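Report on the structure given below.
The values are calculated or read from the model by the stated rules, or taken from the named source; none is laboratory data. Since the model is a prediction, treat every value here as computed from it, not as a measurement. Every residue, glycine as well, gets a Cβ built from its backbone with ideal geometry; the counts of neighbours run over all protein chains shown. Ligands, DNA and RNA are stripped out before the accessible areas are found, and what is left, the full protein with its side chains, is counted by its heavy atoms. Shrake-Rupley method; radii C 1.70, N 1.55, O 1.52, S 1.80 Å.
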Amino acid sequence: YLQEVTQKNMSLLEERGVMFLGPEEGDLACGEYGVGRLIEEEKAIEEIDVLLRRSTQLKGKKFLITAGGTREPIDPVRFVTNRSSGKMGKYLAEEALARGAEVIFLKAPMNVPPPVRSHLIEVETAQEMYQEALRVFPEVDVVVMAAAVSDFYPAEKVEEKISKKERKELTLTLLPTPDILAEMGKGKEKQFLVGFSAETDQALERAREKMRDKGLNMIVVNDISRKDIGFGSEFNQVTILHQDGGQRETPRAHKRLISRAIM
Ligand code: C5P
């Protein structure tokens, strides 16, 4: 599958509009481990469903969707990050694409491949995400900030690997990163801003506060104290709050279905 010639042929087919479902990584029939597994039936059905539901509802609209978890370097080999898998952002992008939107997918490191038909921008740190997000901001209609942006980064820029020799402990000083959404909220004209809020308690109150403080139109709240949904999981259960007071709660469902409710 990874052979250059296979990849080239697949790219060509993709350019011609052929869509691929999968493959996945895992144990292969030949006894090796790698990329090349047929995707699970359930996933194939979902993907086909999205393709069949392709609509023009969002045609002409340009989205900026961020996903993944930023990495803040401690030294050249270590970093501070979080548990974001990037799945929610990926499914949101696929849903927007299926409805005819153009999507700029601004991605921090994540566990799943990014959506195929988006304009991909890859970053690593919160600062890089901030710069790229604000650069494309003037040209988009909707921003969905599904990325888990680190709130802090190590203050000291260390160029060499920190050694454990002669150290009993290591103290890191962390400084706040710029709040991308809040910055956009200040400078927005036409843009519809969607934020996410992950909290372990008082989830709704805190989310309402964030929506107000950051100047958002909508915020998606998930309760990350639950183990069966949220970070890393294929499933989620969210409450969607609107600026005008509207509120909608989804049942626990596959993130693909949750992304439909949000879109
Ligand atoms: O304030 P809090 O980090 O809980 O807000 C979460 C929302 O704000 C998410 O949508 C996240 O992507 C966004 N955010 C941001 N810039 C940061 C931190 C979070 O845009 N530095």
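At a glance:
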{"quantity": "Residue match in segment 72-84 (condition: surrounded by fewer than 23 Cβ atoms within 10 Å (Cβ to Cβ), touching a helix residue (DSSP H, G or I) at 6+ places or on another chain (Cβ under 6 Å) and either modelled with pLDDT of 95 or more or not small (Gly, Ala, Ser) (or both))", "calculated": "no"}
{"quantity": "Residue within segment 132-147 that is touching a residue at least 12 places away in the same chain (Cβ under 8 Å), within 8 Å of the ligand (Cβ to nearest atom) and under 15 Å from residue 79 (Cβ atoms) present", "calculated": "no"}
{"quantity": "Any pair with Cβ under 9 angstrom, 6 or more apart, that starts in segment 196-213 at a residue that is within 11 Å of the ligand (Cβ to nearest atom) and ends at one that is of a type in the set (Lys, Arg) and open to solvent by less than 100 Å² (accessible area, probe 1.4 Å)", "calculated": "197/206; 197/210; 199/206"}
{"quantity": "Matching entry among 113, 109 (being free of Cβ contacts under 8 Å to residues at least 24 places away in the same chain and closer than 29 Å to residue 220 by Cα)", "calculated": "113"}
{"quantity": "Residue that is nearest to the ligand (Cβ to nearest atom) [pool: residues in segment 158-179 that are in contact (Cβ under 8 Å) with a residue 40 or more places away in the chain and surrounded by fewer than 10 Cβ atoms within 10 Å (Cβ to Cβ)]", "calculated": "159"}
{"quantity": "Count of segment 15-47 residues which are open to solvent by 80 Å² or more (accessible area, probe 1.4 Å) and more than 15 Å from residue 112 (Cβ to Cβ)", "calculated": "11"}
{"quantity": "Residues satisfying the stated conditions in segment 93-139, i.e. surrounded by 18 or more Cβ atoms within 10 Å (Cβ to Cβ), in a loop (DSSP other than H, G, I, E, B) and charged (D, E, K, R)", "calculated": "99"}
{"quantity": "Scan of segment 30-72 for residues that are of a type outside the set (Gly, Ala, Ser) and within 16 Å of the ligand (Cβ to nearest atom), ordered by number", "calculated": "63, 64, 65, 66, 70, 71, 72"}
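This table checks each residue for (1) away from the ligand (no atom under 14 Å from the Cβ); (2) open to solvent by less than 10 Å² (accessible area, probe 1.4 Å); (3) not basic (Lys, Arg).
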{"position": "182", "(1), (2), (3)": "no, no, yes"}
{"position": "193", "(1), (2), (3)": "no, yes, yes"}
{"position": "237", "(1), (2), (3)": "yes, no, yes"}
{"position": "241", "(1), (2), (3)": "no, yes, yes"}
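So that you can scan it fast, the table gives a plain yes or no per residue for (1) in contact with a strand residue (DSSP E or B) (Cβ under 9 Å, 6 or more places away or on another chain); (2) not small (Gly, Ala, Ser):
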site	(1), (2)
57	no, yes
67	yes, no
73	yes, yes
85	yes, no
95	no, yes
144	yes, yes
147	yes, no
154	yes, yes
